[in-house]
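The values are calculated or read from the model by the stated rules, or taken from the named source; none is laboratory data. As the structure is a prediction and not an experimental result, all values here were calculated from the model. In this analysis, Cβ positions are derived from the backbone assuming ideal geometry, glycine residues included, and neighbour counts consider all displayed protein chains. Accessible surface is based on the protein model in full, side chains and every heavy atom, while ligands, DNA and RNA are left aside. Shrake-Rupley method; radii C 1.70, N 1.55, O 1.52, S 1.80 Å.
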Amino acid sequence: SNSQPVLDVADLQVAYGDLVAVWGASLQLVPGRITALVGRNGAGKTTLLAGICGLLPARSGSVALDGRAVTGLPPWKRVRLGMSIVQEGKQVFRDLSVHDNLRVGLRGRRSGRGEDDTILAELYERFPVLGERRRERAGALSGGQQQMLAIATALAARPRVLLVDEPSSGLAPVITDQVFELLDRLRGEGLAILLVEQLVDELLGGIADDVVVLERGRVTLRDRAANLSAETIADSIYSSI
Ligand code: ATP
């Protein structure tokens with residue numbers, strides 16, 4: 001059962017009005033694996049994530065979570081069904097406290113207010129610095145801490161599928177390493193993760209199990225990371241310029 005896809009994206013097409021940015025993309029995520037989504041700027045990675053989580057409508061194709069079609073559902077319903085997204089650029093509510101940011105994340109859960117305190121305690125245990133700074137404005141945190149808060153807020157909904165858009169963006173390498181260590185632990189706990197990332201060496205160095213290359217809105221390569229070299233990925237990304 002561990003190799004059953006928890007997320008199945010089939011032939012998904014996503015557009016901005018008449019401008020089609022993603023043409024029939026297909027991919028599957030399984031528990032305990034990280035799939036890296038790579039491609040040049042403008043290839044459609046962020047758009048594909050938006051289509052998967054419902055921030056943009058599917059023009060055609062489908063998204064299924066645990067075998068259930070969620071293609072027409074709004075984002076908040078997909079969150080309740082187990083799919084959370086961490087959008088690009090450390091998306092936190094800067095004027096809310098750290099604690100209130102996490103409470104917003106809790107609202108993504110399907111049921112059980114009774115578990116809120118347990119989940120918050122778990123998050124503060126996992127992210128001690130967020131516990132220390134829980135009463136401060138999120139905007140007062142460092143960039144790395146804001147990225148961790150954005151991920152923690154997504155985790156508050158207890159997702160089984162996590163979509164993460166370029167978490168390394170704007171972070172120092174040592175902080176990026178901490179983010180990747182966190183993603184590695186989450187993988188170990190059985191999450192299925194889709195990670196948009198430009199750092200191909202890091203991906204092939206162990207953070208990615210599978211790689212999907214998107215080029216001009218089309219999937220041009222899909223393989224296990226172990227089968228790929230940085231050159232293969234670069235060739236695939238840059239072949240059609
Ligand atoms: P980056 O790494 O720069 O974020 P990306 O691979 O995530 O790139 P997208 O941001 O998904 O690419 O963009 C895909 C295409 O859609 C590009 O041609 C882009 O110009 C276009 N696009 C993105 N956002 C919009 C928008 N709001 N309205 C119209 N076109 C858009």
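Would you point out the residue of the range 160-179, among those that are open to solvent by 10 Å² or more (accessible area, probe 1.4 Å) and away from the ligand (no atom under 16 Å from the Cβ), that is farthest from A50 (Cα to Cα)? Outline the logic, then answer.
Looking only at the range 160-179, we keep the residues that are open to solvent by 10 Å² or more (accessible area, probe 1.4 Å), and these are 160, 166, 168-175, 177-178.
Among the residues that remain, those that are also away from the ligand (no atom under 16 Å from the Cβ) are: 160, 172-175, 177-178.
Working: R160: 17, A172: 26, P173: 27, V174: 28, I175: 26, D177: 25, Q178: 25 Å.
Going through the qualifying residues, I end up with V174.
One line per residue, one yes/no per condition, for (1) of a type in the set (A, V, I, L, M, F, W, C); (2) under 30 Å from G105 (Cα atoms); (3) within 16 Å of the ligand (Cβ to nearest atom):
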| residue | (1), (2), (3) |
| --- | --- |
| G143 | no, yes, no |
| A157 | yes, yes, no |
| R185 | no, yes, no |
| D210 | no, yes, no |
| N227 | no, no, no |
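Can you work out which of the residues in the range 1-18 that are modelled with pLDDT under 95 and open to solvent by 90 Å² or more (accessible area, probe 1.4 Å) is farthest from V63 (Cα to Cα)?
Here the residue is D18.
Condition first: more than 21 Å from T46 (Cα to Cα), hydrophobic (A, V, I, L, M, F, W, C) and open to solvent by less than 50 Å² (accessible area, probe 1.4 Å). Now tell me which residues in the range 226-241 satisfy that.
Residues satisfying the conditions are L228, A230.
Could you tell me which residue of the range 38-61 is farthest from the ligand (Cβ to nearest atom), considering only residues that are open to solvent by less than 40 Å² (accessible area, probe 1.4 Å) and in contact with a Pro (Cβ under 7 Å, 6 or more places away or on another chain)?
Ranking the qualifying residues of the range 38-61, first place goes to G54.
How many residues are within 15 Å of the ligand (Cβ to nearest atom) and in contact (Cβ under 8 Å) with a residue 12 or more places away in the chain if we restrict to the range 17-34?
Pass one, the range 17-34, residues within 15 Å of the ligand (Cβ to nearest atom): 17-25, 27.
In the following step, the residues that additionally are in contact (Cβ under 8 Å) with a residue 12 or more places away in the chain were identified as 20-25, 27.
Count: 7.
Would you mind finding the one in L204, L221, L191 that is within 16 Å of the ligand (Cβ to nearest atom) and either open to solvent by 20 Å² or more (accessible area, probe 1.4 Å) or under 13 Å from the mean Cα position of the chain (by Cα) (or both)? Break it down stepwise before answering.
Working: L204 fails: within 16 Å of the ligand (Cβ to nearest atom); L191 fails: within 16 Å of the ligand (Cβ to nearest atom).
Just one listed residue meets the conditions, L221.
When A64 is evaluated against the numbered criteria (1) among the small types (G, A, S); (2) surrounded by 16 or more Cβ atoms within 10 Å (Cβ to Cβ); (3) under 15 Å from the mean Cα position of the chain (by Cα), which criterion, by number, is the only one it fails?
With respect to (1) among the small types (G, A, S); (2) surrounded by 16 or more Cβ atoms within 10 Å (Cβ to Cβ); (3) under 15 Å from the mean Cα position of the chain (by Cα), A64 is out only on (3).
Looking at L186, L182, which one is in contact with a strand residue (DSSP E or B) (Cβ under 8 Å, 6 or more places away or on another chain) and crowded, with 17+ Cβ neighbours inside 10 Å? Talk me through it step by step, then tell me what you get.
Values: L182 fails: in contact with a strand residue (DSSP E or B) (Cβ under 8 Å, 6 or more places away or on another chain).
Result of the check over L186, L182: L186.
The conditions are (1) outside any strand (DSSP E or B); (2) touching a residue at least 60 places away in the same chain (Cβ under 8 Å); (3) open to solvent by 10 Å² or more (accessible area, probe 1.4 Å); (4) not β-branched (V, I, T), and R103 fails exactly one of them. Which is it?
Only one criterion in (1) outside any strand (DSSP E or B); (2) touching a residue at least 60 places away in the same chain (Cβ under 8 Å); (3) open to solvent by 10 Å² or more (accessible area, probe 1.4 Å); (4) not β-branched (V, I, T) is unmet by R103, namely (2).
If you check every pair at least six apart or on different chains, which have Cβ atoms under 6 Å apart with a residue in the range 36-58 that is farther than 12 Å from R218 by Cα and assigned to a loop (DSSP other than H, G, I, E, B) first and a residue that is open to solvent by 10 Å² or more (accessible area, probe 1.4 Å) and within 8 Å of the ligand (Cβ to nearest atom) second?
Matching pairs, first to second residue: L56/A50.
Which numbered condition trips up V92, out of (1) in contact with a strand residue (DSSP E or B) (Cβ under 9 Å, 6 or more places away or on another chain); (2) of a type outside the set (D, E); (3) part of a loop (DSSP other than H, G, I, E, B)?
Answer for V92: the failing condition is (1).
Mind telling me which of the residues R68, R78 ends up being out of contact with any Gly (no Cβ under 9 Å at 6 or more places or on another chain), away from the ligand (no atom under 16 Å from the Cβ), free of Cβ contacts under 8 Å to residues at least 60 places away in the same chain and basic (K, R)? Walk me through it before giving the result.
Details: R78 fails: out of contact with any Gly (no Cβ under 9 Å at 6 or more places or on another chain).
Exactly one residue qualifies, and that residue is R68.
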